[in-house]
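Beneath this line is the structure, given in structure tokens, with notes to follow.
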Amino acid sequence: MKKRMRWGVLGTLLGVTVAASALAGSTGHAATAAKKPITIGWAFDQSGQMAPFDNPALAAAKIRIGQINGKGGVNGRKLQIKTCNTQNNNATTAKACAVSLLGQGANIIFTTCDVDFATPVVQAAINKGVLAIAPCIGTDQMGPKRFGAAKGKLAFSFGNVAQDEGSAMAEYAHRRGWKTASLATNTLLVYFKNVVQAFDKRFRQLGGKVVDRETYQTGANNVQTAVTRLNQHKANVIVTSTAFGELPALVSGLRSLGNKTPILNSWAGDGTYWNTQNPKVTNYYCVTYASVFGDDPSKDVRSMIAALKGAGAAPGTGGFLGGADAIDGVVTAIKRAHGSTKGSALAAQLVKFKRVPVLGGRISFSTKLHTVYGRDYRVIEIQNNKASFKGLVRAKVIPKL
């Protein structure tokens, strides 16, 4: 009996020892895994058409990551970015970039600021169950609408959904007492078109009247035709969503004809880099993420701009904020997912965002809208080529297009 008891006690002790050893080994593995960096793979256009949007967002994201890592990272894990140049978003190169970044262990993939150009990268990521993020795509197509009900759940953008942005523009026009509008739609991008469509619908809901609708397209050499037709109609405001060479052509074309009607643009028309000298830009407005003119209402945003200037990456537009906001949003999602970087776990948290704080303010997503809505837009005014912050505006209604 005593012998059996001794063996029983010894067996129990051995079992405890083995279990303790196993637990120690398991804890060691967990500690090692916890210290493994969270890798963001960023496929971006370094010097092509989308470079003016992609580069500032990436620069801001790098600074934001440095700030977060300086405070211990995310649940004890540091963040890191690995990049790949899509070379003007060539479809083959973009896909190869995504595949390469995934092969390097990217937990999350970031992509360029236009949904058409981003598609090869997004598909490569979501096909592997990896979350795909754009810092500033502005359409509701970054999600299930384009990429399908199942895999599209993994695609999000921290840009402003065009319906929300166009609606906010209409709210501002209504606030200013502009009761009639002429619309000038650049048909190059879905984002451009949707902004103007949303303005059109919300403006009329608010009691406004649209007196003219014109179209033009980047690279089609038809902006002057639109200018001539716009000049033939009297309106309180001319509304567009455009950038590139068509923006200075549209504005200078109207002013050269002596047309002083206020012009209201989306964030695509932010900045003063495009301003013409003769005639100077005046009576021009746009809505954007942040004011880069030293007068943004947020102290934290002003600090980020100072940091970007210190890094030799002074932003020309408020679009840089999408990069920092995306990092903040991803960090919040990881924390709420108890440290998981699994695509489905992060997506499940992102769709629950309702006025969640990020660097630029508060943002929201939904199961239908995977692009930010509910942002407090900065209204920028340009008079005689000098830009300044004029106030905040938020969309009260998101029109269905």
| said: When the residues of segment 164-181 are narrowed to those that are assigned to a helix (DSSP H, G or I) and open to solvent by 10 Å² or more (accessible area, probe 1.4 Å), which ends up farthest from Arg202 (Cα to Cα)? | reply: Arg175
| said: Tell me yes or no: at least one residue of segment 364-373 is outside any loop (DSSP other than H, G, I, E, B), more than 23 Å from Lys145 (Cα to Cα) and not hydroxyl-bearing (Ser, Thr, Tyr). | reply: no
| task | Among the candidates Leu189, Leu206, single out the residue that is open to solvent by 20 Å² or more (accessible area, probe 1.4 Å) and under 17 Å from the mean Cα position of the chain (by Cα). | result | Leu189
| message | Looking only at segment 374-401, count every residue that is in contact (Cβ under 8 Å) with a residue 60 or more places away in the chain and either closer than 17 Å to Thr332 by Cα or in a loop (DSSP other than H, G, I, E, B) (or both) and tell me the total. | response | 12
| field | Scope segment 141-161; condition more than 12 Å from Lys368 (Cα to Cα), in a helix (DSSP H, G or I) and open to solvent by 40 Å² or more (accessible area, probe 1.4 Å); matching residues | value | Lys151
| How many residues, within segment 296-320, are assigned to a helix (DSSP H, G or I), open to solvent by 40 Å² or more (accessible area, probe 1.4 Å) and closer than 21 Å to Val393 by Cβ? | 3
| request: Kindly list the number of the only condition in (1) buried (at least 20 other Cβ atoms within 10 Å of the Cβ); (2) farther than 30 Å from Ser340 by Cα; (3) not polar (S, T, N, Q) that fails for Gly219. | output: (1)
| Residue ID - least open to solvent (accessible area, probe 1.4 Å), chosen from residues in segment 252-277 that are free of Cβ contacts under 8 Å to residues at least 24 places away in the same chain and in a loop (DSSP other than H, G, I, E, B) | Gly258
| note | Counting only residues that are at pLDDT 95 or above and open to solvent by less than 20 Å² (accessible area, probe 1.4 Å), segment 51-67 contains a total of 5
| note | Over segment 94-107, the set of residues out of contact with any helix residue (DSSP H, G or I) (no Cβ under 6 Å at 6 or more places or on another chain) and surrounded by fewer than 24 Cβ atoms within 10 Å (Cβ to Cβ) is Ala96, Ser100, Leu102, Gly103, Gln104, Gly105, Asn107
| request: Filter segment 318-368 down to the residues that are among the polar types (S, T, N, Q) and free of Cβ contacts under 8 Å to residues at least 12 places away in the same chain, then identify the one that is farthest from Phe156 (Cα to Cα). | output: Ser340
| query | Can Thr371 be described as among the hydroxyl-bearing types (Ser, Thr, Tyr) and open to solvent by less than 10 Å² (accessible area, probe 1.4 Å)? | reply | yes
| Taking the stated definitions as given, is Asp116 of a type in the set (Asp, Glu), at pLDDT below 95, within 24 Å of Gly245 (Cβ to Cβ) and surrounded by fewer than 24 Cβ atoms within 10 Å (Cβ to Cβ)? | yes
| query | Can you name every residue in segment 225-251 that is in a helix (DSSP H, G or I) and in contact with a helix residue (DSSP H, G or I) (Cβ under 6 Å, 6 or more places away or on another chain)? | reply | Val227, Glu246, Leu247, Ala249, Leu250
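The values are calculated or read from the model by the stated rules, or taken from the named source; none is laboratory data. Not measured: the values here are computed from a predicted model. Using ideal geometry, Cβ is built from the backbone for each residue, glycine included, and neighbour counts are taken over all protein chains shown. Side chains included, ligands, DNA and RNA excluded: accessible areas come from the protein's heavy atoms. Shrake-Rupley method; radii C 1.70, N 1.55, O 1.52, S 1.80 Å.
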